[in-house]
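Visitor: Sharing a structure below in structure tokens format, with a few things to ask.
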Amino acid sequence: MAEPPASSNSGGGGVSMPLLESELYFLIARFLTTGPCRRALKVLVQELEQHQLLPKRLDWQGNEHYRSYEELVLSNKHVAPDHLLQICKRIGPILDKEIPPSISRVNSLLGAGRQSLLRTAKDCRNTVWKGSAFAALHRGRPPEIPVNYGTPPNLVEVHRAKQLTGYAKFSTSFPGSMYQHVKMHRRILGHLSSVYCVAFDRTGHRIFTGSDDCLVKIWSTHNGRLFATLRGHSAEISDMAVNYENTMIAAGSCDKMIRVWCLRTCAPVAVLHGHTGSITSLQFSPMVKGSMRYMVSTGADGTVCFWQWDTDSMKFNNRPVKFTEKPRPGVQMLCSSFSVGGMFLATGSTDHVIRMYFFGSETPEKIAELESHADKVDSIQFSNSGDRFISGSRDGTARIWRFEQAEWRSILLDMSNRLPGDTCSEEDKFMKPKVTMIAWNQNDNYVVTAVNNHLLKVWNSCTGQLLHDLVGHADEVFVLETHPFDSRIMLSAGHDGNIFIWDITKGMKTKHYFNMIEGQGHGAVFDCKFSPDGQHFACTDSHGHLLIFGFGCSRSYEKIPDQMFFHTDYRPLIRDSNNYVLDEQTQQAPHLMPPPFLVDVDGNPHPTKYQRLVPGRENCADEHLIPQLGYVATSDGEVVEQVIGQQTVDQDEQGLEPSILDGMIRQLQLQQDQRIGADQESASSGPQNGEGTPRRAFRRPSFDIQSPPNIGLRRSGQVEGVRQMHQNAPRSQMATERDLQAWRRRVVVPEIPPSLLRKQEEYRLAKGEEERDLYATEKKKSFESLEKSDSESSLIQSKRRLHRRKYPNYRTRNNIEQLESSDEERENCFGLIEQEAEESEGSGSSDEEEEWRSDKKSNSNSSSDTSSRYSDWIADAGINLQPPVRTSRRKAIRYCSTSEDEVSGEKSSPPKRRRRKRRKKPKPKKQEETNAATQPVNLELSYDWHPPIWITDTALRRSPFVPQMGDEVIYFRQGHEAYIEAVRRNNIYELNPHKEPWRKVVLRDQELVKIVGIRYEVGPPTLCCLKLAFIDHATGKHTDKSFSIRYHDMPDVIDFLILRQFYDEARQRNWQASDRFRSIIDDAWWFGTVLGQEPYQPQYPDSHFQCYSVKYN
């Protein structure tokens, strides 16, 4: 039966109303269904049906039909009970974007004025400022400018109000909108490769750039002039640092060296060798202790070096205090940061650990290892004025740390957190957040984190609350730079070529610049820095440009060319034994050479008006600014004109020396050099650490010419002419005595005024004392009254690590290593002799998983247990080679100990073999106590079933070898045979001869293999079972062929599994008879002499296993 059509005057008393109102009534009823007002719901539904106020249904003819509440619910199943609530929640954020409210993120349905959901743009019209109104804002009353005043007052009104009241806030005197007037003064092409490092000197008058073309250049901040090029590195510049006295600049490189130059003269101060990997970070310590200072470097080799130097003599100690932080192979130190007083240093690494160092004692000491992050920590920064620091990790979190109650406590910042009202995009659902960069604002109230989803997040540094999401970047951001004194301003830049100036207190962008390069697309911005006065900032990009931004006029920058190179920038260098360099053509130190010529990227000289920009040529006559050109063949066979020297018109015509006096001086200098050289050959001279080095100390140029590599060229397929300027070029003019005198007088980088330097040192000294007192005070506080929160639980690790220091004989790779030997003796630590002492030992062999199981079943007297948490016996494609998620380590319980007498006796005589002795297990006493008979478990048996120390020992040792998934090792067959023979001889456990690996596969004397499976069989003895896959030498990947072994740590048996990196380092040494060496045995250094080399066994003539005969002292 058909429903009757609706009528406005039907008997039900229906009322005609708009559809929107009917739907609202229905949504109100739906909302009440989940609340406590059930009687109100019942009455409401009755009245809605009585007055027919619910939405009606239309048939195909357009007639309306009434529906009951239940019918309406069934036909609208997509409408949830909280549908109306969700609509109300969405309205506020949408309206806030269109018409900003007075107080952001405060949404109320009852708001009025600019907080009302019914506000319009007309209601929020700005009030024009009046001088009297602004003057009323005296000493912050009212505390903030009224919202309806909108646009801030101009500077005239601000200063007028200041005259009336005697007070003005910085935020009103210098509104954030002023940064809209920042503009790019000049973009200069000064490098041939990407520029990853930029820095200002302490005065702000000079800019330093470090590039992948191996050069460090010095520029003028105020007009863009190129002042000097610092040459010497042979690989990419990875980091730079200027000392607090503004007298030196240090540059670290991928060539594993640190070079330090004097800023006044550009003379080399030191070349520091302490790392075996690339330099990853470089910091001068702000600590003030008399004239002694420290510089810290971290490396990809997992080491932290503390270089001591003196401010008076500007000399470095070539032997650093060195920490080797390598708990497992491949660990790299990535970043470092000093506290403002220099007493604390925090470092981040690839092993997820933050290491803390303290400078309050005579030498630096490590005080904590913090293991809260689950992925590598690649950004870390101390606050600008306090004792807190922030760490950013690839695990998608950042943590704000503070030393309290004798522990380092942290506040967690989770990058997956969102602002209220923000929805998660589909892309973000499948993207794991990672922190790419972190920064504090100037007053430390906020921290900003850059995330790999291109967002910048602003957090309250005290509570960890997310305040703003800054949207604008289209690629990952690796540059965050805070303003030196304006706490509102933060600068960001990224690989998308965008540079933003943000007002982080409001969460708004103030200025935007896009680094578009004509004809080449956009240039990724790799680094940015503010000048100390905040008036300029400098950026560098992927194409070799330096970009200078600032306030004011750009007229002074218009007097320089777009491309600025010296014609000597890429000329080859020769190096002495200490890695100091000379220019190959002139045989002079680069800083002593005559003023170079200014050329473009193709090597063409600039006009004479630009040549006067070169320091030393400002007052030269025009004829002295004309370079000598010659024809040079490029690598493509093309002949081009290049600058090869200097000439004058008179020289061209007459072919004479420019000055007879110069010729006499040059002749006298040559005679003096010969005389000095003869004197030095007769007397022994130590290694030099000064600016000058005698030429005889250099090797033959034909072997030592090292030009910077042709890396990172700006255009593919093109080699810039400026690189080719050293080919076939005749020797340039030698520096005259006049040039040397000018060099001694020149000042490339000005010094800090003494009064300002003294004030800065007093401030840093006071902050250092404050940090020392804080550490001493907090360290004394007890732990009992603390309630450990989630943010603090991870810090227990540092306490446990500190507690382990109390054990005797605790010497590890993490312990401090004061280098007391020469460079050659340092390298001896990694030679074959030491490596044999470190090689892990013994292994019984078996093959496949079924064989392991059958072997375990056959041994009925022993209980077996396996650990397959991250093992994979069946995967041959590299599956499950990731180590397990880091868990909290428990302090190891040592069941067997060694008395002090035994320790001293062990160390008194060298061991017969290069292996550490296994500690003897104490025998239980026979019923010495009355309750001994009541013990249900045999004490001696329980000791045998305990885990062996070589597995459970928490001390990080290089020997014996403890395997980890993914380790690449060298397997020595001779050592394995010796282990099996020792097991059979001592009848330690039963061996099956048919399961020996060389009976299954063909094994050479040594094999390169990868650990693809690990499990443990609980003993006695507890065995480590490994599955080893062969590695293809051509591809570097493991193959399908594999074999299995079993082994345990055994006294007097040499290790036969060696980490690949140790083996490669050892192969680089060429040991000869009578060479002195040192080696670690039983956690102590042993010194000796190499007697000779011969095969350990005749049947393996090419094996390196125990191939050296040695004699210990």
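Visitor: Under a Cβ-Cβ cut-off of 12 Å, what is the net charge of the residues other than Ser220 that fall near it, where Lys and Arg count +1 and Asp and Glu count -1?
Guide: Net charge in that neighbourhood comes out at +4.
Visitor: Also, quick follow-up: Going by the alpha-carbon gyration tensor, a ≥ b ≥ c the square roots of its eigenvalues, is segment 44-119 rounded (a/c under 1.5) or, if a/c is not under 1.5, prolate (a/b greater than b/c) versus oblate?
Guide: prolate
Visitor: For Glu404 and Ala80, FRET efficiency with R0 = 45 Å and r from the beta-carbon atoms, rounded to 0.05?
Guide: 0.45
Visitor: What are the ³J(HN,Hα) values, in whole Hz, obtained from phi via the Karplus relation 6.51 cos²θ - 1.76 cosθ + 1.60 with θ = phi - 60°, for each residue of segment 412-421 in sequence order, with x given for Gly and Pro?
Guide: With the stated coefficients, segment 412-421 comes to 7, 10, 9, 5, 7, 5, 10, 6, x, x Hz.
Visitor: Before I look further, what does segment 478-564 give for accessible area per residue, probe 1.4 Å, in whole square angstrom?
Guide: Normalised by residue count, the accessible surface of segment 478-564 is 36 Å².
Visitor: How far apart, in nanometres, would the label points at Val43 and Lys162 be if each is projected 7 angstrom from Cα along the Cα-to-Cβ direction?
Guide: 6.5 nm
Visitor: Also: What shape does segment 78-117 have by the C-alpha gyration tensor, where a ≥ b ≥ c are the square roots of the eigenvalues, rounded means a/c under 1.5, and otherwise prolate means a/b greater than b/c and oblate the rest?
Guide: prolate
Visitor: Would you mind computing, in nm to one decimal, how far apart the modelled labels at Ser177 and Asp59 are, each placed 7 Å from Cα along Cα→Cβ?
Guide: With each label placed 7 Å out from Cα toward Cβ, I get 6.4 nm.
Visitor: Grab the Cα-Cα distance for Asp96 and Leu155, subtract it from 0.36 nm times how many residues apart they are, and report the gain in nm with one decimal.
Guide: Here the segment from Asp96 to Leu155 would lengthen by 18.3 nm.
Visitor: Heads up, I need the accessible area for Lys326: 1.4 angstrom probe, whole protein in place, Å², nearest 10.
Guide: 40 Å²
Visitor: Given that compact globular proteins tend to follow 2.2 N^0.38 Å, what is the ratio of the alpha-carbon Rg of segment 382-494 to that value?
Guide: The reported ratio for this selection is 1.05.
Visitor: Calculate I(q)/I(0) for segment 195-313 by the Debye formula, one identical point scatterer on each C-alpha and no solvent, and give its log10 at q = 0.15, 0.16, 0.17, 0.22 Å⁻¹ to two decimals.
Guide: -0.62, -0.71, -0.80, -1.30
Visitor: Peptides 341-349, 577-585: what's the order by average Cβ count within 10 Å, highest mean first?
Guide: Highest-to-lowest ranking by the protection proxy: 341-349, 577-585.
Visitor: Still on this structure: 7 Å from Cα along Cα→Cβ at both Asp1064 and Cys553: what's the point-to-point distance in nm?
Guide: Label-label distance for Asp1064 and Cys553, simple model: 5.8 nm.
Visitor: I need the phi-derived Karplus couplings for segment 466-474: 6.51 cos²θ - 1.76 cosθ + 1.60, θ = phi - 60°, integer Hz, Gly and Pro marked x.
Guide: Per residue, the Karplus-derived 3J(HN,Hα) values read 6, 9, 9, 10, 9, 10, x, 7, 10 Hz.
Visitor: OK, next. Step through the table entries Lys322/Lys781; Lys326/Lys376; Lys122/Lys506; Lys183/Lys509, compare each Cα-Cα distance with 20 Å, and write down the pairs that go over it.
Guide: From Lys322/Lys781; Lys326/Lys376; Lys122/Lys506; Lys183/Lys509, over 20 Å: Lys322/Lys781; Lys122/Lys506.
Visitor: So who's got an amide H within less than 5 Å of the one on Arg388, skipping anything under 5 residues away but keeping other chains? H placed 1.01 Å off N, in plane.
Guide: The answer is Ser383.
Visitor: In addition: Would you please put 240-249, 354-363 in order of how densely packed they are, using the mean number of other Cβ atoms within 10 angstrom per residue and starting with the highest? Before the final figure, lay out the partial values.
Guide: Values: 240-249: 21.1, 354-363: 17.5.
Those peptides, ordered most packed to least, come out 240-249, 354-363.
Visitor: Round to the nearest 10 and report in Å² the accessible area of Val269, as given by a 1.4 Å probe over the protein chains' heavy atoms.
Guide: It works out to around 20 Å².
Visitor: Now for a separate question. So, R0 is 35 Å and r is the distance between the beta-carbons of Asn992 and Thr276; what FRET efficiency does that work out to, to 0.05?
Guide: For R0 = 35 Å, the calculated efficiency reads 0.25.
Visitor: Another question, if that's okay. Residues with amide H under 5 Å of His567's amide H, sequence separation 5 or more or different chain, H placed in the peptide plane at 1.01 Å from N; which?
Guide: Under 5 Å from the amide H of His567 lie the amide H atoms of Phe597, Val599, each far enough along the sequence or on another chain.
Visitor: Could you give each residue of segment 359-364 its phi-based ³J(HN,Hα) in whole Hz, using Karplus coefficients 6.51, -1.76, 1.60 with θ = phi - 60°, and x for Gly or Pro?
Guide: Calculated HN-Hα couplings, in order: 10, x, 9, 5, 10, x Hz.
Visitor: With a 10 Å radius around each residue's Cβ, average the other Cβ atoms per peptide and rank 32-40, 759-767, highest first.
Guide: Ranked by mean Cβ neighbours within 10 Å, highest first: 759-767, 32-40.
The values are calculated or read from the model by the stated rules, or taken from the named source; none is laboratory data. As the structure is a prediction and not an experimental result, all values here were calculated from the model. No Cβ is skipped: glycine too gets one built from the backbone with ideal geometry, and neighbour counts run over all protein chains shown. Surface areas here come from the heavy atoms of the whole protein model, side chains and all, with no ligands, DNA or RNA. Shrake-Rupley method; radii C 1.70, N 1.55, O 1.52, S 1.80 Å.
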